[in-house]
Amino acid sequence: MDPRGAYTAKRAAALSGVPKSTVHYWAREQILVPGVSSVRVKLWSYSDLLALRIIAWLRASKTAPDGHTVPATAMRAVRTALRELSALDLALWTEEGSPNVAVDRGGRIVIDAEPSPEHPDGQAVLGVAALELLRPLEIGRQVRGPDLFSPRPRLRILPGKLSGAPHVHRTRIETEALAALRRRGFTAERIKDLYPAIELADIEQALDLERELQPDLAAAA
(Lines give C-alpha, C1' and ligand atoms only; values in the text may rest on other atoms or scores of the structure.)
Protein backbone atom coordinates (compact mmCIF):
# COMPACT_ATOMS: atom_id res chain seq x y z
CA MET A 1 0.00 0.00 0.00
CA ASP A 2 1.05 3.59 -0.53
CA PRO A 3 2.68 4.68 2.76
CA ARG A 4 1.48 8.28 2.54
CA GLY A 5 -0.33 9.32 5.65
CA ALA A 6 0.91 8.36 9.11
CA TYR A 7 -1.52 7.71 11.96
CA THR A 8 -1.10 6.31 15.45
CA ALA A 9 -3.49 3.55 16.49
CA LYS A 10 -5.68 6.05 18.34
CA ARG A 11 -5.90 8.34 15.33
CA ALA A 12 -6.37 5.50 12.84
CA ALA A 13 -9.21 4.15 14.97
CA ALA A 14 -10.91 7.54 15.32
CA LEU A 15 -10.68 8.33 11.60
CA SER A 16 -11.60 4.88 10.31
CA GLY A 17 -14.37 4.28 12.84
CA VAL A 18 -12.89 0.92 13.89
CA PRO A 19 -12.30 0.44 17.65
CA LYS A 20 -8.66 0.84 18.69
CA SER A 21 -8.63 -2.61 20.31
CA THR A 22 -9.70 -4.10 16.98
CA VAL A 23 -7.06 -2.11 15.08
CA HIS A 24 -4.37 -3.55 17.40
CA TYR A 25 -5.83 -7.07 17.20
CA TRP A 26 -5.81 -7.08 13.40
CA ALA A 27 -2.20 -5.88 13.46
CA ARG A 28 -1.15 -8.65 15.89
CA GLU A 29 -2.95 -11.28 13.83
CA GLN A 30 -1.45 -9.83 10.62
CA ILE A 31 -4.89 -9.29 9.14
CA LEU A 32 -3.87 -5.69 8.52
CA VAL A 33 -0.24 -4.86 9.31
CA PRO A 34 0.37 -1.09 9.67
CA GLY A 35 1.58 0.17 6.30
CA VAL A 36 4.01 2.83 7.56
CA SER A 37 5.60 1.19 10.60
CA SER A 38 4.83 -2.23 12.04
CA VAL A 39 7.13 -1.80 15.04
CA ARG A 40 7.04 0.69 17.86
CA VAL A 41 5.66 3.25 17.27
CA LYS A 42 3.16 1.54 14.93
CA LEU A 43 1.85 3.86 12.22
CA TRP A 44 -1.02 3.22 9.81
CA SER A 45 -1.26 4.78 6.34
CA TYR A 46 -4.17 6.51 4.64
CA SER A 47 -4.73 3.33 2.62
CA ASP A 48 -4.88 1.48 5.92
CA LEU A 49 -7.81 3.68 7.00
CA LEU A 50 -9.73 2.47 3.95
CA ALA A 51 -8.62 -1.10 4.60
CA LEU A 52 -9.85 -0.95 8.20
CA ARG A 53 -13.27 0.11 6.95
CA ILE A 54 -13.27 -2.63 4.32
CA ILE A 55 -12.51 -5.38 6.83
CA ALA A 56 -14.99 -4.08 9.40
CA TRP A 57 -17.82 -3.80 6.89
CA LEU A 58 -17.21 -7.02 4.98
CA ARG A 59 -16.85 -9.08 8.15
CA ALA A 60 -20.10 -7.74 9.63
CA SER A 61 -23.53 -9.11 8.79
CA LYS A 62 -25.53 -6.64 6.70
CA THR A 63 -29.10 -5.98 5.68
CA ALA A 64 -29.81 -6.03 1.94
CA PRO A 65 -32.17 -3.47 0.35
CA ASP A 66 -34.89 -6.13 0.29
CA GLY A 67 -34.58 -6.55 4.06
CA HIS A 68 -32.79 -9.89 4.04
CA THR A 69 -29.73 -10.42 6.22
CA VAL A 70 -26.44 -10.80 4.34
CA PRO A 71 -23.89 -12.92 6.23
CA ALA A 72 -20.32 -11.82 6.83
CA THR A 73 -18.11 -11.97 3.76
CA ALA A 74 -15.47 -14.71 3.70
CA MET A 75 -11.85 -13.77 4.41
CA ARG A 76 -10.93 -14.75 0.85
CA ALA A 77 -13.01 -11.84 -0.44
CA VAL A 78 -11.54 -9.55 2.21
CA ARG A 79 -8.04 -10.42 1.01
CA THR A 80 -9.13 -9.75 -2.58
CA ALA A 81 -10.38 -6.31 -1.57
CA LEU A 82 -7.12 -5.48 0.21
CA ARG A 83 -5.09 -6.52 -2.83
CA GLU A 84 -7.20 -4.35 -5.10
CA LEU A 85 -6.99 -1.47 -2.65
CA SER A 86 -3.21 -1.52 -2.98
CA ALA A 87 -3.59 -0.55 -6.66
CA LEU A 88 -5.26 2.78 -5.86
CA ASP A 89 -3.37 5.87 -7.01
CA LEU A 90 -3.45 8.18 -4.00
CA ALA A 91 -1.96 10.97 -6.12
CA LEU A 92 -5.52 11.48 -7.42
CA TRP A 93 -6.46 13.10 -4.10
CA THR A 94 -6.30 16.94 -4.31
CA GLU A 95 -7.68 19.81 -2.26
CA GLU A 96 -10.52 20.08 -4.77
CA GLY A 97 -11.60 16.48 -5.11
CA SER A 98 -10.94 12.76 -4.88
CA PRO A 99 -12.18 9.70 -6.75
CA ASN A 100 -15.19 7.80 -5.45
CA VAL A 101 -13.90 4.56 -3.96
CA ALA A 102 -16.26 1.78 -2.94
CA VAL A 103 -16.31 -1.95 -2.22
CA ASP A 104 -19.03 -4.45 -3.04
CA ARG A 105 -20.16 -7.36 -0.88
CA GLY A 106 -17.94 -9.71 -2.88
CA GLY A 107 -14.82 -7.76 -1.96
CA ARG A 108 -14.23 -6.01 -5.29
CA ILE A 109 -13.03 -2.42 -5.19
CA VAL A 110 -14.92 -0.02 -7.45
CA ILE A 111 -13.56 3.38 -8.48
CA ASP A 112 -15.79 6.26 -9.55
CA ALA A 113 -19.04 4.33 -9.29
CA GLU A 114 -20.71 7.30 -10.99
CA PRO A 115 -20.84 7.58 -13.92
CA SER A 116 -18.37 4.91 -15.14
CA PRO A 117 -17.48 2.36 -12.47
CA GLU A 118 -14.35 0.28 -12.92
CA HIS A 119 -11.97 -1.88 -10.93
CA PRO A 120 -8.43 -0.60 -10.22
CA ASP A 121 -7.15 -2.74 -13.10
CA GLY A 122 -9.37 -0.78 -15.48
CA GLN A 123 -12.05 -3.42 -15.98
CA ALA A 124 -15.57 -2.04 -16.12
CA VAL A 125 -18.13 -3.35 -13.64
CA LEU A 126 -21.89 -3.54 -13.56
CA GLY A 127 -23.98 -2.32 -10.68
CA VAL A 128 -23.13 -0.04 -7.79
CA ALA A 129 -20.88 -1.08 -4.92
CA ALA A 130 -22.42 -1.31 -1.49
CA LEU A 131 -20.07 0.81 0.63
CA GLU A 132 -18.41 4.12 -0.28
CA LEU A 133 -15.15 4.03 1.62
CA LEU A 134 -14.60 7.77 1.96
CA ARG A 135 -18.02 8.40 3.46
CA PRO A 136 -18.55 7.85 7.20
CA LEU A 137 -18.52 4.14 7.99
CA GLU A 138 -21.97 2.74 8.74
CA ILE A 139 -22.43 -0.72 10.20
CA GLY A 140 -25.97 -1.59 11.18
CA ARG A 141 -27.47 1.62 12.46
CA GLN A 142 -24.22 2.99 13.83
CA VAL A 143 -22.26 5.62 11.93
CA ARG A 144 -18.59 5.81 12.87
CA GLY A 145 -15.69 7.90 11.66
CA PRO A 146 -15.81 11.09 9.55
CA ASP A 147 -15.69 11.57 5.81
CA LEU A 148 -12.11 10.73 4.84
CA PHE A 149 -11.79 13.47 2.23
CA SER A 150 -13.89 16.35 3.53
CA PRO A 151 -14.63 15.67 7.20
CA ARG A 152 -16.24 19.09 7.36
CA PRO A 153 -16.99 21.48 4.45
CA ARG A 154 -13.99 23.70 5.29
CA LEU A 155 -11.61 20.83 6.12
CA ARG A 156 -9.68 18.28 4.07
CA ILE A 157 -7.77 15.02 4.54
CA LEU A 158 -5.18 14.31 1.82
CA PRO A 159 -2.86 11.31 1.94
CA GLY A 160 0.01 13.28 0.37
CA LYS A 161 -0.21 16.38 2.58
CA LEU A 162 0.76 16.86 6.24
CA SER A 163 1.06 13.08 6.65
CA GLY A 164 -2.67 12.80 6.05
CA ALA A 165 -3.64 15.04 8.97
CA PRO A 166 -7.03 16.79 8.81
CA HIS A 167 -6.41 20.45 8.02
CA VAL A 168 -8.14 23.67 7.04
CA HIS A 169 -8.84 23.68 3.30
CA ARG A 170 -6.00 25.18 1.23
CA THR A 171 -3.75 25.73 4.26
CA ARG A 172 -1.20 23.75 6.24
CA ILE A 173 -3.01 24.38 9.52
CA GLU A 174 -3.88 21.08 11.17
CA THR A 175 -7.08 20.67 13.14
CA GLU A 176 -5.11 19.06 15.99
CA ALA A 177 -3.04 22.23 16.38
CA LEU A 178 -6.16 24.36 16.67
CA ALA A 179 -7.68 21.93 19.18
CA ALA A 180 -4.49 22.00 21.26
CA LEU A 181 -4.74 25.78 21.52
CA ARG A 182 -8.37 25.50 22.58
CA ARG A 183 -7.44 23.05 25.32
CA ARG A 184 -4.88 25.57 26.57
CA GLY A 185 -7.71 28.06 27.07
CA PHE A 186 -7.46 30.12 23.88
CA THR A 187 -10.79 31.40 22.58
CA ALA A 188 -11.69 30.99 18.91
CA GLU A 189 -11.14 34.73 18.46
CA ARG A 190 -7.64 34.51 19.98
CA ILE A 191 -6.81 31.52 17.78
CA LYS A 192 -7.87 33.52 14.74
CA ASP A 193 -5.50 36.29 15.80
CA LEU A 194 -2.70 33.73 15.69
CA TYR A 195 -3.83 32.46 12.27
CA PRO A 196 -5.18 35.52 10.42
CA ALA A 197 -5.38 33.60 7.11
CA ILE A 198 -8.31 31.50 8.33
CA GLU A 199 -11.83 32.37 9.43
CA LEU A 200 -13.77 31.71 12.62
CA ALA A 201 -15.87 29.17 10.74
CA ASP A 202 -12.70 27.21 9.90
CA ILE A 203 -11.77 27.10 13.57
CA GLU A 204 -15.26 26.09 14.65
CA GLN A 205 -15.34 23.21 12.17
CA ALA A 206 -11.83 22.11 13.17
CA LEU A 207 -12.81 22.02 16.84
CA ASP A 208 -16.03 20.19 16.00
CA LEU A 209 -14.08 17.50 14.14
CA GLU A 210 -11.62 17.11 16.99
CA ARG A 211 -14.48 16.72 19.45
CA GLU A 212 -15.61 13.78 17.34
CA LEU A 213 -12.12 12.30 17.12
CA GLN A 214 -11.00 13.12 20.67
CA PRO A 215 -13.96 13.07 23.08
CA ASP A 216 -11.80 14.43 25.89
CA LEU A 217 -11.72 17.77 24.06
CA ALA A 218 -15.40 18.29 24.78
CA ALA A 219 -14.72 19.10 28.42
CA ALA A 220 -12.20 21.77 27.48
CA ALA A 221 -14.41 23.33 24.82
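For this structure, a couple of remarks:
- For the range 51-70, the criterion of being over 15 Å from G140 (Cα atoms), surrounded by 19 or more Cβ atoms within 10 Å (Cβ to Cβ) and of a type outside the set (G, A, S) is satisfied by at least one residue.
- Looking across the range 164-207, the residues that are β-branched (V, I, T) and assigned to a loop (DSSP other than H, G, I, E, B) come down to T171, I173, T187, I198.
- Evaluated against (1) on the phi > 0 side of the Ramachandran plot; (2) in contact with a strand residue (DSSP E or B) (Cβ under 6 Å, 6 or more places away or on another chain), G67 falls short on exactly one condition, (2).
- Within the range 159-191, being in contact with a Gly (Cβ under 8 Å, 6 or more places away or on another chain) and crowded, with 20+ Cβ neighbours inside 10 Å holds for P159, G164.
- Residue pairs meeting the criteria (Cβ under 7 Å; at least 6 apart or on separate chains; first under 26 Å from D208 (Cα atoms) and assigned to a loop (DSSP other than H, G, I, E, B), in the range 14-35; second open to solvent by less than 40 Å² (accessible area, probe 1.4 Å) and small (G, A, S)): G17/G145; V18/A56; P19/A13
- A search for C-beta distances below 9 Å between a residue of the range 135-157 that is at positive phi and any residue that is open to solvent by 40 Å² or more (accessible area, probe 1.4 Å), counting only pairs 6+ apart in sequence or on different chains, returns G140/S61; G140/T63; G145/P136; G145/E212.
- Here A180 qualifies as out of contact with any His (no Cβ under 6 Å at 6 or more places or on another chain), of a type outside the set (D, E) and within 24 Å of D147 (Cα to Cα).
- Of all residues in the range 36-49, exactly one satisfies the criterion of being among the hydroxyl-bearing types (S, T, Y), open to solvent by 10 Å² or more (accessible area, probe 1.4 Å) and part of a loop (DSSP other than H, G, I, E, B), namely S38.
- Subset of the range 72-100 [open to solvent by 30 Å² or more (accessible area, probe 1.4 Å), not in a helix (DSSP H, G or I) and not acidic (D, E)]: A72, A74, S86, A87, T94, S98, N100
- Tabulated pairs, the range 72-88, first touching a residue at least 60 places away in the same chain (Cβ under 8 Å) and within 18 Å of I111 (Cβ to Cβ), second open to solvent by less than 60 Å² (accessible area, probe 1.4 Å) and among the small types (G, A, S), C-beta under 8 angstrom, 6+ apart or interchain: L85/S47; L85/A51; S86/S47; L88/S47
- The single condition from (1) at pLDDT 95 or above; (2) surrounded by 14 or more Cβ atoms within 10 Å (Cβ to Cβ) that V125 fails is (1).
- Only one of the numbered conditions (1) free of Cβ contacts under 8 Å to residues at least 40 places away in the same chain; (2) over 14 Å from the mean Cα position of the chain (by Cα); (3) surrounded by 16 or more Cβ atoms within 10 Å (Cβ to Cβ) is violated by A197, and that is (3).
The values are calculated or read from the model by the stated rules, or taken from the named source; none is laboratory data. All values reported here derive from a predicted model rather than from experimental measurement. Please note: Cβ atoms are built from the backbone with ideal geometry, for glycine as well, and neighbour counts cover all protein chains shown. In case anyone asks, the SASA skips ligands and DNA or RNA and just uses the protein heavy atoms, side chains included. Shrake-Rupley method; radii C 1.70, N 1.55, O 1.52, S 1.80 Å.
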